[in-house]
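All remarks here apply to the structure that follows.
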Amino acid sequence: MTVRALAALAVLIVAVISGCGSSGKDTSATTTVAGNADASEVAVIKRWADELRAGDIDAASERFALPSVVQNGAGPLRLTNRQQVEAFNRSLPCGARLTAATSLGKYTIAAFVLTERPGEGMCGNGVGEQAKTAFVIRNGLITQWQRVVDTDQAPTPDQAPTPNQGPVI
């Protein structure tokens, strides 16, 4: 084999090897947020938040497993069909931009900056505020979504936690 043929073969082998193990999934979204959370879980959360912020309730709802459990200031709700998941997502008044994600046991704690969003939501004075949510992601889908009470940010009287509100960090 000539030197030129060996060089071409080496380039081909490097190209093939560098492509091995690639899932083809876009995980670039996971590199833009702080924290130690699993990249694939961060990608699911970021896509959900981006879709909700864009007002795409259907796409955001597809990120949830059936059944799933949500908890947003009241007791936990078990969502067993797509219409319930869509109603839950529609009920969220704000959009959100993911800023950080940290692993804590089975949870991924995601930090967001709240935004307005198209559609029925009216974030109002919440725009620019921070919020946290605890997610459990299984097989690329959200199985639990729980509002988090952040002990670093004392709630105002109208945001006072209820006994069944969700994890406190």
Notebook entry, point to check: Would it be correct to say that Gly24 is touching a strand residue (DSSP E or B) at 6+ places or on another chain (Cβ under 9 Å), at pLDDT below 95 and exposed (fewer than 15 other Cβ atoms within 10 Å of the Cβ)?
Noted result: no
Check: Taking the stated definitions as given, is Val3 modelled with pLDDT under 95, more than 11 Å from the chain's Cα centre (by Cα) and surrounded by fewer than 19 Cβ atoms within 10 Å (Cβ to Cβ)?
Finding: yes
Notebook entry, point to check: List the pairs whose first member sits in region 76-100 and is under 18 Å from Glu120 (Cα atoms), whose second member is modelled with pLDDT under 95 and of a type in the set (A, V, I, L, M), and whose Cβ atoms are under 8 Å apart, counting only residues at least 6 apart or on separate chains?
Noted result: Pro93/Met122
Checklist line | Residues located in region 34-91, provided they are of a type in the set (Phe, Trp, Tyr) and either within 15 Å of Ala110 (Cα to Cα) or touching a Ser or Thr at 6+ places or on another chain (Cβ under 6 Å) (or both) | finding: Trp48
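The values are calculated or read from the model by the stated rules, or taken from the named source; none is laboratory data. The structure presented is a predicted model; accordingly, all values stated were derived computationally and were not measured. Positions of Cβ are backbone-derived with ideal geometry, glycine not excepted, and every protein chain shown enters the neighbour counts.
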